[in-house]
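A short worksheet on the structure shown next.
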Amino acid sequence: MINVSNLSKTYKDTTVLSIESLQLSKGEIIGLVGNNGAGKTTFFSLLLDLIKPSTGYIENNEIKVNESEVWKSTTAAFIDESFLIGYLTPEEYFSFIAGLRSVSKVDLELFLERFGTFFNEEILGKNKYIRDLSKGNQKKVGIAAAFIGAPELVILDEPFANLDPRAQMQLQNLLRQINQDLGCSIFVSSHDLLHVSELCQRILILNKGELVKDVTKGELSLDELRSFFMEEIAVTEEEPSTPLSADE
Amino acid sequence: MLKTLFSLELKSLFRSPTWKQNLWMRILIVFAILYFVLIFLSLGVGAYYIIEKADIGEPFEVINRYLIYYLGFDIVFRYMMQPMPVTNVQPLLYQNIKKATVVHFSMLKMLYSFFNWSHLFFLIPLSIILVVEGQPSGTTWLWSLSIYLLLLINNYLNVLVNQKNAVFAVVATLVLGSSGLQYFGVFDITTYTQVFFNALFERSWLVVPILMITLITYYAAFSHFRSLMYLDAGLAKKNERTISISENYFSRYGKLGLILRNDVALILRNKRARQAVFAGFFFIFYGLLFFTGAVEAYESDTWKLFAGIFVTGGFLFSFGQYVPSWDSQYYPLLMTQNITYLEYLKSKYTLIQVFTLATTILSSWYLIFGLEIFSYVLLGAIYNLTINSVIVLWGGAYVRTKIDLTSSKKAFGDKNAFNYRTLLLTLPKIALPLAIYGGFNYALGPLAAKISIVVVSIIGYFLKPFLFKTIISIYQKEKYETLKAYRS
């Protein structure tokens, strides 16, 4: 459903993202890992047409995202707080999104039941504006809203960050369930290798803007995933170690 | 330490996204400042002789008599437009800087505000003229100093008042009420205040108590800010009680209703947006300057149309000017949901229309000045409803000021959604109708001029779909730049 071709994003002289070719198919949970500055958020922003590609294009259901806006009815995302409307209550926010996605009130309530334990009675019926919620609870609101109306693709940037350990576990189960029940593709980024290796059917590793690994589950164990980043550290730490040893 | 803070201040000024983007804005601001400086200068130089020529009494006496209004309107304008000293305090809290230093710095920074130094362009030439005209120089300068201190008291009072709309309402009512009473000859406050200002001249030592009061208000404002320097005080997010908005009413308008409902929530639940509405309301009284003959220069018909446009267009200018900035905090959301630009703009457009209609109805009290005067209000309303309400959305595409609706990170948050920048942006929307009116008035007389405004409005109304299309294409083109500006 997603087809990336020859995509790159360059600011002045630095290329922050460069992906020659990538296809994502329907119904998968895909994980995107990489260090800070690897280009994860840039990639997501390009997918959502929030920034302009320097070269190449992304097709969503065979439509280039920067040429038509049809993809907006089948794609949803939660990247950061800028996807929340702070002065609404969570209920109002959900019904706003539901209205835009033509989901009836009854269906919305039914849908939100699924999130009952995840919300932990801190979200609904509290009569609080979203801007007054804690970071973790804001995140919960954003994630839940992204799934309203069963979009074909849901993009979540760092969904596990800021959540307490229990909510992290619950979220993993929820994402798996929703993926099975609604058939949504879910594209998550995370710094937590454990979550990614447990949850995702396919894992992409970005490094300095380039796609360095693209593996399916089972192909790469958690240890191997870890060792990939360990190697990185080993490489970068070798260089400064020489002057230190010279002191001895 | 102050030096470090000052360099931080300079950096935040030169590195702000608005500074980088709007070159023409800065040029406009410089021109506007020059304009006001000139006005103050010519008032300072000319006031004495104008009064002498008008033969309404001893000039110095007359000046002392009306000074109360100078001070009164000063505080009202300060409240409306003077930006509060914004210092990004939070990162400084954990550093080895005394909180008092930070607050003193912010307070002293205010002295460099246009609202403070511009008065010198009035007071200094005025005092020189007074001395030239035979007043003793020592006492004149002390008098002048007292007046300036009173203006500084206004400055710090404004800091205290700024947090409370109720206090402002009282002050504004007093100023407007007493000028009204005086205009209709019911009660003349100036006979009492004149005594006070005369005394400032006759008993120069009064400057000492006034200086004390200035220091006291400084200290009051200081300790007010100082008390806000805690994460759970001024820097805290306030948990407000929610204001509920009926869903049913809006649901019948479909998607437009959904967005409209959000816009209504935006206005009701955010102080900055509320203040824009308030400013719009205030402009209803703007016409008084023009229609009562209070200012001689404003007697001409063209200026009356100018007043008409402002009277009914207050909300249009103060709110519409900042579309889409009002939504800057969640613009990425709007850009990824299936909302078309047309739906988005229609919602804002509807809002502006409703408010313009409401202000027009509220302005119907101008009928007491006669039908002729009211016809200018109506002309202004027609022009605003048909043309300006669309054009204003156009201008918004280029503004790209990020509006922080909560401004929780800045203790002294910039609460004035309505400031002089907003005023500047209104000029193009006013120049056009005035030119048309002035031209026809000159060539064919006032009736033809009025008809020409109506005709232009009708043409504008039929051009609306086309204008919307153009505006949408601009919004689309500016999308990435706008997103970028809102992110930083």
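Numbers below:
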| read-out | value |
| --- | --- |
| Cross-chain or 6+ apart pairs with Cβ under 7 Å, the stretch B:361-376 first and part of a helix (DSSP H, G or I), then of a type in the set (S, T, N, Q) and surrounded by 11 or more Cβ atoms within 10 Å (Cβ to Cβ) | B:Ser363/B:Thr312 |
| Residue ID - surrounded by the fewest Cβ atoms within 10 Å (Cβ to Cβ), chosen from residues in the stretch A:57-89 that are acidic (Asp, Glu) and within 12 Å of chain B (Cβ to nearest Cβ) | A:Glu67 |
| Boolean, B:Gln82 is more than 20 Å from B:Ser146 (Cβ to Cβ) and buried (at least 20 other Cβ atoms within 10 Å of the Cβ) | yes |
| Search result, residues across the stretch B:109-139 that are in a helix (DSSP H, G or I) and of a type in the set (D, E, K, R) | B:Lys109 |
| Lone unmet requirement of (1) surrounded by 16 or more Cβ atoms within 10 Å (Cβ to Cβ); (2) modelled with pLDDT under 85; (3) over 23 Å from A:Asn36 (Cα atoms) for A:Ile178 | (2) |
| All positions within the stretch B:173-216 that are loosely packed, with under 14 Cβ neighbours inside 10 Å, part of a helix (DSSP H, G or I) and over 29 Å from the mean Cα position of the chain (by Cα) | B:Thr191, B:Tyr192, B:Val195, B:Phe196, B:Glu202, B:Trp205, B:Val208, B:Pro209, B:Met212 |
| Inter-residue pairs, beta-carbon under 9 Å, first within 14 Å of another protein chain (Cβ to nearest Cβ) and in a loop (DSSP other than H, G, I, E, B) and in the stretch A:101-116, second crowded, with 18+ Cβ neighbours inside 10 Å and of a type in the set (Phe, Trp, Tyr), 6+ apart | A:Val103/A:Phe111 |
| Of residues in the stretch B:462-483 being of a type outside the set (S, T, N, Q) and exposed (fewer than 14 other Cβ atoms within 10 Å of the Cβ), the one farthest from the other protein chains (Cβ to nearest Cβ) | B:Phe462 |
| The lone exception for B:Val277 - which of (1) crowded, with 17+ Cβ neighbours inside 10 Å; (2) part of a helix (DSSP H, G or I); (3) away from every other protein chain (no Cβ under 14 Å); (4) at pLDDT below 80 it fails | (4) |
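Residue-wise test of (1) within 14 Å of another protein chain (Cβ to nearest Cβ); (2) more than 17 Å from B:Ile474 (Cβ to Cβ); (3) among the charged types (D, E, K, R).
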position	(1), (2), (3)
B:Phe291	no, yes, no
B:Ser300	no, yes, no
B:Lys304	no, yes, yes
B:Gly313	no, yes, no
B:Leu316	no, yes, no
B:Phe319	no, yes, no
B:Met335	yes, no, no
B:Lys348	no, no, yes
B:Leu357	no, yes, no
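The values are calculated or read from the model by the stated rules, or taken from the named source; none is laboratory data. These figures come from a predicted structure and were not determined experimentally. With ideal geometry, Cβ positions are generated from the backbone for all residues, glycine too; neighbour counts draw on all protein chains shown.
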